[in-house]
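What follows is calculated from the coordinates using simple rules that are stated; it is not laboratory data. Everything quoted here is computed from the prediction, not taken from an experiment. All Cβ positions, even for glycine, are placed from backbone atoms using ideal geometry, and neighbour counts span all protein chains on display.
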Amino acid sequence: QSREELFEKLEGRKLEVEGEPRTLSLKGAEVREIQMTWMTRLFDFLASPDIAVLLLMAGLLGIYIEINTPGLGVPGLLGLLCLVLAGFAFQILPFSWVGLIVLLLGVALMVGEILVGSFGVLFAAGVICLLVGGSMLFDVPELSDLTVSFWSVLVPVVGGFAAFAALV
């Protein structure tokens with residue numbers, strides 16, 4: 001939709017502002033472009049569910065690599081940076097705690113498979129939890145219609161995470 005089409009649709013619409021009825025009159029209104037600052041552009045970028053999931057998973061992977069190979073420093077610092085940015089994203093976006101807990105449970109099950117060796121049972125349960133938790137993470141219908149792109153983001157991320165865990 002163009003801006004002009006939006007203005008035409010909104011013209012004459014009645015709404016309530018602080019308890020008073022108002023009618024929108026947008027004919028001949030001046031349009032001013034306001035450029036985003038670099039900080040606003042960063043938060044706009046972080047306000048994507050896909051980016052939030054990618055940052056969360058990259059952060060967890062970086063921390064995991066640092067724990068397994070202490071002393072490198074770079075994976076841990078990058079993981080920490082990704083987790084901090086994911087924290088900002090989760091402050092901006094309405095997310096489901098249940099989805100986050102299921103997602104973290106999936107990571108814990110995959111780590112458990114690496115440590116315990118349950119012949120793939122914990123691994124398979126971890127992959128399922130990652131997919132289910134990731135798809136539930138931003139599924140808060142009463143607040144927004146944001147979701148993680150299942151096939152273009154979630155499946156490749158979980159596949160990469162699973163490939164890494166299987167390799168380890």
What whole-number volume per residue, in cubic angstrom, does the convex hull of the C-alpha atoms of segment 71-145 give? 92
Taking Cα centroids, how far is segment 71-91 from segment 104-168 in Å? 19
Say a paramagnetic label sat at a point 7 Å from the Cα of residue 38, along Cα to Cβ; which residues of segment 67-111 have their backbone N under 18 Å from it? 85
With a ≥ b ≥ c taken as the square roots of the eigenvalues of the C-alpha gyration tensor of segment 34-114, please select rounded if a/c is under 1.5 and otherwise prolate if a/b is larger than b/c or oblate if it is not? oblate
Work out the FRET efficiency for residue 30 and residue 50 from their Cβ-Cβ distance, taking R0 = 41 Å, and round it to the nearest 0.05. 0.70
Net dipole in debye of the chain [+1 Lys, Arg Cβ; -1 Asp, Glu Cβ; about Cα centre; nearest 20]: 220
By the gyration tensor of its Cα atoms, with a ≥ b ≥ c the square roots of the eigenvalues, what is the shape of segment 1-40: rounded for a/c under 1.5, prolate for a/b over b/c, or oblate? oblate
Quick one: grab the alpha carbon gyration tensor of segment 104-155, order the square roots of its eigenvalues as a ≥ b ≥ c, and give me rounded if a/c is under 1.5, else prolate or oblate depending on whether a/b is larger than b/c. prolate
With -39,500 (n - 2.57) per DSSP H segment of 4 or more residues and division by the full residue count of the chain, the 222 nm estimate, nearest 500 deg cm²/dmol, is -20500 deg cm²/dmol
With the crude spin-label approximation of a point 7 Å out along Cα→Cβ, what separation in nm comes out for residue 105 versus residue 132? 0.6
Given (i) 16.9; (ii) 16.1; (iii) 18.7, the label whose value is Kirkwood radius over Cα pairs in Å derived from this model: (iii)
Rough spin-label spacing in nm, given labels placed 7 Å along Cα→Cβ, for residue 97 and residue 151: 3.5
Taking a crude spin-label model, label points 7 Å out from Cα along the C-beta direction, the residue 5 to residue 118 distance in nm is 5.1
